[in-house]
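The values are calculated or read from the model by the stated rules, or taken from the named source; none is laboratory data. What you see is a predicted model; the values in this text were computed from it and never measured. We place every Cβ from the backbone using ideal geometry, glycine too, and count neighbours over all the protein chains shown.
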Amino acid sequence: MRVAFIGLGRRSTGHLRRVHAMEGVEIVGVCDLLSDLAETRAKEFGSRAFTDARTMLAQTDAEAAIVTLPPFAHGDAEDACLEAKVPFLLEKPVHLDISAARRIADRVAAQGLVTSVGYQERYLDIVERLEEAVRGRRVGVVFGHWMGGSPGGWWVRRDRSGGQAVEQTTHVFDLARHLFGPARRVFASGVRGILPPDGGRDIEDASAATIEFANGVVAVITSACYLQVRELVPAGLEVFCQDANIRYVRRRSLTVATASGSETWTVANDSETAMLADFLHAARAGDPKAVRCSYTAGVEAVELSLAVNRALETGAPVSLPL
Ligand SMILES: NC(=O)c1ccc[n+]([C@@H]2O[C@H](COP(=O)([O-])OP(=O)(O)OC[C@H]3O[C@@H](n4cnc5c(N)ncnc54)[C@H](O)[C@@H]3O)[C@@H](O)[C@H]2O)c1
């Protein structure tokens, strides 16, 4: 299978290493605006360097593309893949503009193109157990969190990353959307001014979103990116069911407590490899349904993140769909 990479920054390194180690897969092209970086990665992985995605797709006959561009740069690479009819795996969040994301989703659907979005948590063995544990149970409220520190660069600028709700806590929103279905209303409040506006920082330092799902479940999901400690910083989801308390600790463990006791499982699989292998398998088979998070599902996840942003901006409740 001939695979090409678009965007060669931090996120691409693990994907390159994992795909390179797969049998029957060749990395036929690597593309980044930074030509030196593209040359370095091309040498490392026995590939060809490009600075333009369209040229690469045309000259390499790629059969699949892995796109790890920053959120503000999303759109054109997807168009290039659609024009070349090349299945693509795109890193989350799919887009900062919901209308543009929907237009891409429509084209993907019209072509029947295989796509995948980098919500790798869906491939965790403990998330499969979480799905099972929630299924059939009466859920009331849910707490979700992503509490941590702040990277620099484009991440701290709302017009570049979308802010933490869109770039990072979107993993938690995706999981909640995946488990409880569509949301009907979002409320949110934010905290600013804890960290200085260095590097054009204009994102919330923290926020709390209350989400009403159409099925009646209510979730409170908090985000923080001002913390300088590594202890007691929760990330994950706690689901309070009538007959069970379920605690998912992000990418680590799952505990299900019932009246008869509790059981804990820790992660035993590599969700990143599972996601990449699943995508390449689906691309080879030409089966858009053979992935756990398609472009359309990625749009549903980012819609919730963008609704939180709108509620933060307006201070008013936001009804969905956007
Ligand atoms: N799923 C996850 O857990 C996870 C983790 C980290 C990052 N991400 C996502 O991965 C994406 C990339 O993040 P990153 O940390 O690698 O960013 P990065 O800034 O480290 O790298 C991005 C690279 O893209 C290149 N680039 C920008 N515009 C381009 C264009 N038009 N054509 C070609 N190259 C271009 C830049 O030169 C840079 O090398 C983001 O959407 C981020 O949200 C996902």
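Are there strands (runs of 3 or more DSSP E) fully within segment 210-322 with at least 2 residues that are on the phi > 0 side of the Ramachandran plot, surrounded by 21 or more Cβ atoms within 10 Å (Cβ to Cβ) and touching a Pro at 6+ places or on another chain (Cβ under 6 Å)? List them.
none
Of all residues being over 13 Å from Ala224 (Cα atoms), out of contact with any Pro (no Cβ under 6 Å at 6 or more places or on another chain) and surrounded by fewer than 23 Cβ atoms within 10 Å (Cβ to Cβ) in segment 142-168, which is modelled with the lowest pLDDT? Just the residue, please.
By that ranking, first place goes to Gly152.
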Going by what's in this entry, would Phe180 be described as crowded, with 20+ Cβ neighbours inside 10 Å, away from the ligand (no atom under 14 Å from the Cβ) and within 23 Å of Leu124 (Cα to Cα)?
yes
Mind checking whether some residue in segment 41-53 is of a type in the set (Ser, Thr, Tyr) and either within 10 Å of the ligand (Cβ to nearest atom) or under 21 Å from the mean Cα position of the chain (by Cα) (or both)?
yes
Considering residues of segment 87-111 that are touching a residue at least 24 places away in the same chain (Cβ under 8 Å) and among the basic types (Lys, Arg) only, the residue nearest to the ligand (Cβ to nearest atom):
Lys92
Do we find a residue being surrounded by 17 or more Cβ atoms within 10 Å (Cβ to Cβ) and farther than 25 Å from Ala307 by Cβ anywhere in segment 99-110?
no
For segment 4-13, state whether one or more residues are over 22 Å from the mean Cα position of the chain (by Cα) and either at pLDDT 95 or above or within 15 Å of the ligand (Cβ to nearest atom) (or both).
no
Restricting attention to segment 1-43, the residues that are over 22 Å from Arg284 (Cβ atoms), among the β-branched types (Val, Ile, Thr) and in contact (Cβ under 8 Å) with a residue 60 or more places away in the chain number exactly 0
Hey, among Ala84, Ala65, Ala133, which residue is hydrophobic (A, V, I, L, M, F, W, C), more than 9 Å from the ligand (Cβ to nearest atom) and surrounded by fewer than 20 Cβ atoms within 10 Å (Cβ to Cβ)?
Ala84
Name every residue in segment 63-99 that is farther than 17 Å from Gly9 by Cβ and touching a Gly at 6+ places or on another chain (Cβ under 6 Å), in order of residue number.
Val94, Leu96
Taking segment 116-130 and keeping residues more than 16 Å from the ligand (Cβ to nearest atom) and assigned to a strand (DSSP E or B) leaves none
Residue among Val117, Val139, Val127 that is among the hydrophobic types (A, V, I, L, M, F, W, C), farther than 25 Å from Leu89 by Cα and crowded, with 18+ Cβ neighbours inside 10 Å:
Val139
